[in-house]
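The structure under discussion appears below in the form of structure tokens.
The values are calculated or read from the model by the stated rules, or taken from the named source; none is laboratory data. What you are looking at is a predicted structure, and each value in this text was computed from that prediction instead of being measured. Reconstructed Cβ throughout: ideal geometry from the backbone, glycine too, with neighbour counts over all protein chains shown.
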Amino acid sequence: MSAPLLEIADLDVAFHGDGTPVQALSGVSLRLDPGQVLCIIGESGSGKSVTLRAMMRLLPERRARIGGQISFAGRDVLAMTDRQLRAMRGREMAMIFQEPMTALDPVYTIGAQIAETVRRHLGGTQAAARARALDMLERVGVPSAARRLDAYPHELSGGLRQRAMIALALSCGPQLLLADEPTTALDATVQIQVLLLLRRLQAELGMGIVFVTHDLGVAAEIADRVAVMYAGRIVEEGSVAEVLGRPAHPYTAGLLASSVEHVAPGAEIAAIPGAPPDLRALPPGCSFAPRCRHAVAACDATVPPPVRPGPGRMARCFTPLGFAPSGHAVEEHVA
Amino acid sequence: MGTVLRRLLLALPIAFGVSVVCFALVYIAPGDPLQTIVPPDATQATIDAVKHAYGLDKPLVVQYLIWLWRVLHGNLGTSISTTRPVALEVMLALGNTMRLVALAMPAALIVGYAMGVAAARFPGGWIDRAVTGIAVVGVSLPNYWVGVVLVILCAVQWSLLPATGMGSGHAALLSWESLRFMILPSISLALIPMGIIARSTRACVLDLASHDFVLTLRAKGMSESTVTRHVLRNALPQVIAIVGLQFGYLMGGSILVETVFSWPGSGFLLGRAIQNRDVPLLQGTVLVLAMIFVATNLLVDLLQVRLDPRLRRG
Ligand SMILES: Nc1ncnc2c1ncn2[C@@H]1O[C@H](COP(=O)(O)OP(=O)(O)OP(=O)(O)O)[C@@H](O)[C@H]1O
Ligand SMILES: [Mg+2]
């Protein structure tokens, strides 16, 4: 087994401000091998974006308290200086966002914004940087790329904008791409094109991707592995086929049951009853227990430690579905 | 280029409307326009003769067109109180006001902008609170009152600067001899625009700082100074709009501030025209000031189109 590209252990993030701190992440552990695609799925507010931003240390320095470890390509991200961070961002680790309209600077051309990144990290002349920007736009399938180089973000369609954003992110050849719901704001057909593009580029460039989505169909399309988040915790993790095919955590099962694609026509969509907990006052036990049909007394008392319902799988549940109820948690992983 | 032409065309109806209102001032102003020219005991024949001489017996539309024709040729009529051409009076007064604005506006812009940017750096911090405090005070204190206080302190108490007037008029424009007269009125005038510019810059920069593109810039590995440059560049069109509006107000001169300092600017002139019921002078002054306002807005519009590609359309 090769060394992981990214390894996160027991990551805690709390936002301090006025009033009670918001515990956005609690004990998140993740691992990504080079060239792998990991999908993080979960409801709105479950902490997906915070996880991505923590990886790049993009959270507001003064308000966000970060605990745990993040190691990227063998280096400790949380110990990096500002200078080291700036050298890593955009060069080795890049990010794309949900809304390319607002994620691109509206008063600079696409070409200028890509060239700016290229010159920042790779140096060279403005002409060389522009040539590279053109090359990138062609690579991500922007038609008449030479003309689009001088277009402003608002002059492109949503799909083209997201392609331009991808070109920008990949312009310095990162080993890791962080994608925060990059297809959510797009039309269904464009969504598929962008997914296919990302898959092709991933294969060509051999980079790792952490892909955030709340769309299980998208996850099934692009992921090697899936991590399911709930209220700032990873509640289940495993290969895409196993997690989506045979969910171990009742929350994952609930997500699957409530997702439109997985329901036969005419059948009822089963929404999960209740609402996620307040991150300012998390319950002492499993955060999902109040909404869980399988909850037992232990669920309300302590946070379930990770168990291994199968090889290469993890679930934080006292009563994993389809597996014998286990009191014997795997000790090696206990938080 | 099409956009420029469209904005120009859009300004025309506004200019037309302004001219109609100015023309109508003669009739809106209380009292008969003849009252100030003709003695109260004049005979009907005299009144008719004067009416005819001034063209007041013609239909209103014709009167307006004649007036407009004259105005377009730079003839704003004659001041009743000074018997000098209104155009000359207005130009002299505008020049004097311009001298104050040339000092007050850049000061307000530089100080206000710097204050706004500093406040936005650490929102809620002590700098932010101090800036907000100064800006609120600057906007809410009546500027003529500030003028009086400045005169009492700097002129009367400490004898640092002259209290009123413009100086000898022979001194060179940029000499200390003439500048020292301008300092106190300029400070009084600059306070409101400074407060407004500081508040809007702060709001604008904070709003932009929460935009995703700032996150993208950081995620690209850009330095904080580059991020700041992008944010300020994005804020520029809005700041220019505010500056343009404030410039328009300042050119109108402040009747009260210019009166406090006996500064013969456009506000002072306006005050005199009203006091003396000098309708042609009032009409001409209001017209020129309104046109300056329209022109400033047009300029701001065009600058914004230049600076914000989203406003450009094919
Ligand atoms: N800068 C911040 N300050 C305070 N709280 C924050 C901040 N950023 C995120 N949070 C909180 O952290 C929690 C997780 O937010 P996050 O954006 O990660 O959710 P998400 O899973 O990405 O949701 P979505 O699908 O809506 O994007 C939310 O409750 C949010 O309010
Ligand atoms: Mg999010």
Members of region A:59-72 that are surrounded by fewer than 16 Cβ atoms within 10 Å (Cβ to Cβ) and more than 16 Å from ligand 2 (Cβ to nearest atom): A:61, A:62, A:63, A:65, A:67, A:69
Matching option when the condition is over 22 Å from residue B:134 (Cβ atoms), in a helix (DSSP H, G or I), among the small types (Gly, Ala, Ser) and within 14 Å of another protein chain (Cβ to nearest Cβ), among B:225, B:178: B:225
Assess whether residue A:204 counts as being of a type outside the set (A, V, I, L, M) and under 26 Å from residue A:174 (Cβ atoms). yes
Of the residues that make up region A:113-122, is at least one among the β-branched types (Val, Ile, Thr), under 28 Å from residue A:213 (Cβ atoms), within 16 Å of ligand 1 (Cβ to nearest atom) and within 10 Å of chain B (Cβ to nearest Cβ)? no
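Residues being away from every other protein chain (no Cβ under 14 Å) and either among the aliphatic types (A, V, I, L, M) or part of a helix (DSSP H, G or I) (or both): count how many of those fall in region B:262-314.
Selection size over region B:262-314: 34.
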Residue check for residue B:216: among the hydroxyl-bearing types (Ser, Thr, Tyr) and closer than 14 Å to residue B:113 by Cβ: no
Criterion: within 13 Å of chain B (Cβ to nearest Cβ), surrounded by fewer than 21 Cβ atoms within 10 Å (Cβ to Cβ) and closer than 16 Å to residue B:217 by Cβ - qualifying residue of A:100, A:106, A:153: A:106
Hits in region A:19-45 (condition: more than 11 Å from ligand 1 (Cβ to nearest atom), over 30 Å from residue A:173 (Cα atoms) and buried (at least 16 other Cβ atoms within 10 Å of the Cβ)): A:26, A:27
Hits in region A:156-208 - residues which are within 14 Å of another protein chain (Cβ to nearest Cβ) and free of Cβ contacts under 8 Å to residues at least 24 places away in the same chain: none
Select from region A:69-97 the residues that are under 17 Å from the mean Cα position of the chain (by Cα) and facing chain B (nearest Cβ under 8 Å) and list them in ascending order. A:89, A:90, A:94, A:95, A:97
So residue A:102 passes all but one of these: (1) under 30 Å from residue A:187 (Cα atoms); (2) away from ligand 1 (no atom under 16 Å from the Cβ). Which condition number does it fail? (2)
Kindly establish whether residue A:159 is closer than 14 Å to residue A:98 by Cα, at pLDDT below 95, among the small types (Gly, Ala, Ser) and more than 16 Å from ligand 2 (Cβ to nearest atom). yes
Would you check if there is a residue in region A:50-68 being more than 13 Å from ligand 1 (Cβ to nearest atom), more than 10 Å from chain B (Cβ to nearest Cβ) and of a type in the set (S, T, N, Q)? no
For residue A:40, are the conditions met, namely being modelled with pLDDT of 95 or more and either closer than 30 Å to residue A:233 by Cα or facing chain B (nearest Cβ under 10 Å) (or both)? yes
Return a yes/no flag: does region A:11-18 have any residue that is of a type in the set (D, E, K, R), crowded, with 16+ Cβ neighbours inside 10 Å, within 13 Å of ligand 1 (Cβ to nearest atom) and within 14 Å of chain B (Cβ to nearest Cβ). no
Among the residues of region A:211-234, write down those that are assigned to a strand (DSSP E or B), in contact with a Cys (Cβ under 8 Å, 6 or more places away or on another chain) and of a type in the set (Val, Ile, Thr). A:212, A:213, A:226
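So that you can scan it fast, the table gives a plain yes or no per residue for (1) within 14 Å of another protein chain (Cβ to nearest Cβ); (2) free of Cβ contacts under 8 Å to residues at least 24 places away in the same chain; (3) surrounded by fewer than 17 Cβ atoms within 10 Å (Cβ to Cβ); (4) not in a helix (DSSP H, G or I):
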{"residue": "B:193", "(1), (2), (3), (4)": "no, no, no, no"}
{"residue": "B:201", "(1), (2), (3), (4)": "no, no, no, no"}
{"residue": "B:205", "(1), (2), (3), (4)": "no, no, no, no"}
{"residue": "B:217", "(1), (2), (3), (4)": "yes, yes, no, no"}
{"residue": "B:238", "(1), (2), (3), (4)": "yes, no, no, no"}
{"residue": "B:241", "(1), (2), (3), (4)": "no, no, yes, no"}
{"residue": "B:257", "(1), (2), (3), (4)": "no, no, no, no"}
Can you give me the number of residues within region B:259-282 that are within 17 Å of the chain's Cα centre (by Cα) and in contact (Cβ under 8 Å) with a residue 60 or more places away in the chain? 9
Residues of region A:26-58 being under 22 Å from residue B:218 (Cβ atoms) and within 13 Å of ligand 2 (Cβ to nearest atom), which ones? A:40, A:47, A:48, A:49, A:50, A:51, A:52, A:53, A:54, A:58
